[in-house]
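The values are calculated or read from the model by the stated rules, or taken from the named source; none is laboratory data. Owing to the predicted nature of the structure, the values given are computational and were not obtained by experimental measurement. Cβ: placed from backbone, ideal geometry, glycine included. Neighbour counts: every protein chain shown.
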Amino acid sequence: MNQFPTAAGKVENSPYERLSALGITLPPPPPPIANFVTHVLEGNMLYLSGQGPREADGFLHAGKVGAGGVGVEEAYGHARLTGINLLSVMQDALGDLSRVKRVVKLLGMVNAVPDFEDHPSVINGCSDLLIEVFGPAGEHARSAVGFGSLPGNITVEIEAIVALHG
């Protein structure tokens, strides 16, 4: 298990200690919105279906990012919330986040106006969270792209591929 120091200099040992230090309590995993499962566990790989910015009470953040709609900072927060939902699905699938060896890949989709250009800054909300929770094992390959629409008009959707300890 990787240890890494926090900004305060304290060494956090587990993803759960890091989540606690961040003041994050994982909600129940959001249910699928159509005919699919939230994850597939195949060998030592976990494939997570796309999640959106759903609050624990079920509220979904919606709208177009850019041009007077949802701002980059607000959408960053939505991507961070989406990361929390991905962590919740990981916890449900694995029973223990310490099984995560590496976050391998994210696909971040931003519901953006056509001329929006700052997709990476939005999806950083999720990427930053995963690095805070898993340390270097949270660093990942990533695509951050714009879409003309997303289900329910949500602002962001993010899916992930995660490698697991054998």
In the range 80-134, which residues are of a type in the set (Lys, Arg) and over 21 Å from GLY146 (Cα atoms)? ARG99, LYS101, ARG102
Out of curiosity, is GLN51 on the phi < 0 side of the Ramachandran plot and touching a Ser or Thr at 6+ places or on another chain (Cβ under 6 Å)? yes
For LEU60, the lone unmet condition from (1) surrounded by 13 or more Cβ atoms within 10 Å (Cβ to Cβ); (2) in contact with a Phe, Trp or Tyr (Cβ under 7 Å, 6 or more places away or on another chain) is (2)
Just to be sure before I move on: is GLY125 over 16 Å from the mean Cα position of the chain (by Cα) and buried (at least 17 other Cβ atoms within 10 Å of the Cβ) in the structure I sent? no
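Each row is one residue, and each column tells you yes or no for (1) in contact with a strand residue (DSSP E or B) (Cβ under 6 Å, 6 or more places away or on another chain); (2) of a type in the set (Phe, Trp, Tyr); (3) closer than 20 Å to VAL133 by Cβ; (4) without any contact (Cβ under 8 Å) to a residue 12 or more places away in the chain.
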{"residue": "PHE59", "(1), (2), (3), (4)": "no, yes, no, yes"}
{"residue": "ALA67", "(1), (2), (3), (4)": "no, no, no, no"}
{"residue": "GLU73", "(1), (2), (3), (4)": "no, no, no, yes"}
{"residue": "VAL103", "(1), (2), (3), (4)": "yes, no, yes, no"}
{"residue": "PRO114", "(1), (2), (3), (4)": "no, no, no, no"}
(1) modelled with pLDDT of 95 or more; (2) buried (at least 19 other Cβ atoms within 10 Å of the Cβ); (3) out of contact with any Ser or Thr (no Cβ under 6 Å at 6 or more places or on another chain); (4) on the phi < 0 side of the Ramachandran plot: which one isn't true of GLY66, the others all being true? (4)
So in the range 75-101, with the set limited to residues that are in contact (Cβ under 8 Å) with a residue 12 or more places away in the chain and over 13 Å from the mean Cα position of the chain (by Cα), which one is nearest to PRO29 (Cα to Cα)? ASP92
Pull out all pairs, ordered by first then second residue, where Cβ-Cβ is under 7 Å, the residues are six or more apart or on different chains, the first lies in the range 122-147 and is farther than 14 Å from VAL72 by Cβ and in contact (Cβ under 8 Å) with a residue 24 or more places away in the chain, and the second is surrounded by fewer than 22 Cβ atoms within 10 Å (Cβ to Cβ) and polar (S, T, N, Q). GLY135/ASN2; PRO136/ASN2; ALA137/ASN2
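What number of residues within the range 82-126 are hydrophobic (A, V, I, L, M, F, W, C), under 27 Å from SER20 (Cα atoms) and either modelled with pLDDT under 95 or out of contact with any His (no Cβ under 7 Å at 6 or more places or on another chain) (or both)?
Within the range 82-126, the subset hydrophobic (A, V, I, L, M, F, W, C) is 84, 86-87, 89-90, 93-94, 97, 100, 103-104, 106-107, 109-110, 112-113, 116, 122-123, 126.
Narrowing further to those that are under 27 Å from SER20 (Cα atoms): 84, 86-87, 89-90, 93-94, 97, 100, 103-104, 106-107, 122-123, 126.
Filter once more, so that each one left must be either modelled with pLDDT under 95 or out of contact with any His (no Cβ under 7 Å at 6 or more places or on another chain) (or both): 84, 86-87, 90, 94, 97, 100, 107, 122-123, 126.
The qualifying residues number 11.
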Kindly evaluate GLY125 against the criterion of being in contact with a Ser or Thr (Cβ under 9 Å, 6 or more places away or on another chain) and in a helix (DSSP H, G or I). yes
Within the range 140-166, restricting to residues that are of a type in the set (S, T, N, Q) and within 17 Å of the chain's Cα centre (by Cα), the one that is nearest to VAL70 (Cα to Cα) is THR155
